[in-house]
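Undergrad: Structure incoming, see below.
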Amino acid sequence: MAQGYRQAQILLTCVELGVFETLAGRTATAAEVAVAVEADPHGFELLLNAAASLGLLDKRNGRFANAALTETWLDPAGGGGLVRSLRLQRAFYRRWGRLADAVRTGQRPEEDRRDEQADDWVRNFVYGMYDMARPVAPFVAEALDLPGDRPLRVIDVGGCHAAYSLALARRHPLLTATVFELPAVVPFAREIVAQAGLADRVSVQAGDFQQEGLGYGYDVALVFGVLNGEPPEGRPALIHKVYDCLDPGGRIVLRDLVLDPDRAGPPEAAIFALQMLLATEAGGLDTSDDWARWLAGAGFEHIHAVDLPAPAGTTLTVAQKPNR
């Protein structure tokens, strides 16, 4: 466990230095790659050999090439499904190096706040999260099994990159969606929607749900990866706001990592709860019992889980506003 950082750094350094992009569709010696990225040949040979040992690269007769999986997912020119998200992971890697300070003080380190003041932070964050959501969003859209025979209005609360709204719009031609996001995020979300060619059905609205209502008349509300950034009292408060924005019979859909009742597992959720200490002022994760209590307290009924296929990870929690 203590040495796991080495493999992570090999991958993240290859991404940072453009190794996979440089090798896209061709082979090259370490010296040739080093010249292309203006780096030291000896250091690059060590890096490429280590990457080959991990299966990220192939090496034959002293020449390196991207492995098949790397060529598909880590070449930006070929769609680069994970490149931007891995660049974001590099920023998270730095944050985790300050974990002891965060635990000691109970607060996110000041250096983490300064990271987010960089001019390109919001854009990189939105696109990095988008690349992680893109492969998952179609599974979510399928699992929700929404009616396709009538118009539906969806609000995507804190929807960031709009990936889930886009997936729902593609699956349901009569559906329109509103992504409700902070003003700093809006230009990049609109950019993604425009690139998808769905700006006529997926809109992006600037707002702050901590300070404002969400509007009215929605059939479905997505609350994905949002509760974890809110303070404890803000999480049930947001669920109440979602209840108010839904028409009778409307559904709320929650998606996030969820803790076991004793909060000591599952591992991914317990670890992510620490990441919220590093990334937010008072965020954290909750148990399914917490969610059920807040949903019922807001007035929702028929609370149930919807399983997603293995590639999509976490389950969905769905509840309905009464028809009466």
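Undergrad: Restricting the calculation to Cα positions, tell me the Rg (one decimal) and the Dmax (whole number) of segment 208-278 in Å.
TA: Expressed in Å, the Cα Rg and Dmax of segment 208-278 come to 13.9, 39.
Undergrad: To the nearest 0.05, what FRET efficiency results for residue 145 and residue 271 with a Förster distance of 45 Å applied to their C-beta separation?
TA: Between residue 145 and residue 271 the formula returns 0.90.
Undergrad: Mind checking the dipole of the chain: about its Cα centre, +1 per Lys or Arg Cβ, -1 per Asp or Glu Cβ, Debye to the nearest 20?
TA: 380 debye
Undergrad: Quick one: pull the percent of accessible area on segment 90-184 belonging to carbon and sulfur, 1.4 Å probe, ligands and nucleic acids left out.
TA: Answer for segment 90-184 is 52 percent, counting heavy atoms of protein chains only.
Undergrad: For segment 167-324, max minus min Cα coordinate along each principal axis, in Å, sorted largest first?
TA: 46, 40, 35
Undergrad: How big is the dipole moment of segment 147-285 about its Cα centre under a simple scheme where the beta carbon of each Lys and Arg is +1, that of each Asp and Glu is -1, and everything else is neutral? Debye, nearest 20, please.
TA: 460 debye
Undergrad: If I take all pairs of Cα atoms in segment 56-174, what percentage of them are more than 16 Å from each other?
TA: 73 percent
Undergrad: Next question, about the same structure. Based on DSSP H runs of at least 4 residues, each adding -39500 (n - 2.57), what is the mean residue ellipticity at 222 nm of the chain after dividing by all its residues, to the nearest 500 deg cm²/dmol?
TA: -13500 deg cm²/dmol
Undergrad: Efficiency by 1/(1 + (r/R0)^6): what FRET value for residue 281 and residue 212, r their Cβ-Cβ distance, R0 = 25 Å, to the nearest 0.05?
TA: It comes to 0.85.
Undergrad: What translational D, rounded to a whole number of µm²/s, comes out for segment 16-83 from Stokes-Einstein when the hydrodynamic radius is the Kirkwood one over Cα pairs, at 25 °C and 0.890 mPa s?
TA: Rounded, D is 211 µm²/s.
Undergrad: How large are Rg and Dmax for segment 155-241 when only the alpha carbon atoms are used, in Å?
TA: Expressed in Å, the Cα Rg and Dmax of segment 155-241 come to 12.7, 38.
Undergrad: About the Cα centre of segment 214-253, how large is the charge dipole given +1 on each Lys and Arg Cβ and -1 on each Asp and Glu Cβ? Please answer in debye to the nearest 20.
TA: Computed charge dipole of segment 214-253: roughly 80 debye.
Undergrad: For segment 33-117, taking Cα atoms only, what is the radius of gyration to one decimal and the Dmax to the nearest whole Å?
TA: Considering segment 33-117 through its Cα atoms, Rg and Dmax are 17.3, 53 Å.
Undergrad: Restricting to Cα atoms and excluding each atom paired with itself, what does the Kirkwood estimate give for the chain in Å?
TA: About 21.5 Å for the chain.
The values are calculated or read from the model by the stated rules, or taken from the named source; none is laboratory data. Worth saying up front: this structure is predicted, and the values here are computed from it rather than measured. Don't worry about glycine lacking a Cβ; one is built from the backbone with ideal geometry, like all the others, and counts go over all protein chains shown. Side chains included, ligands, DNA and RNA excluded: accessible areas come from the protein's heavy atoms. Shrake-Rupley method; radii C 1.70, N 1.55, O 1.52, S 1.80 Å.
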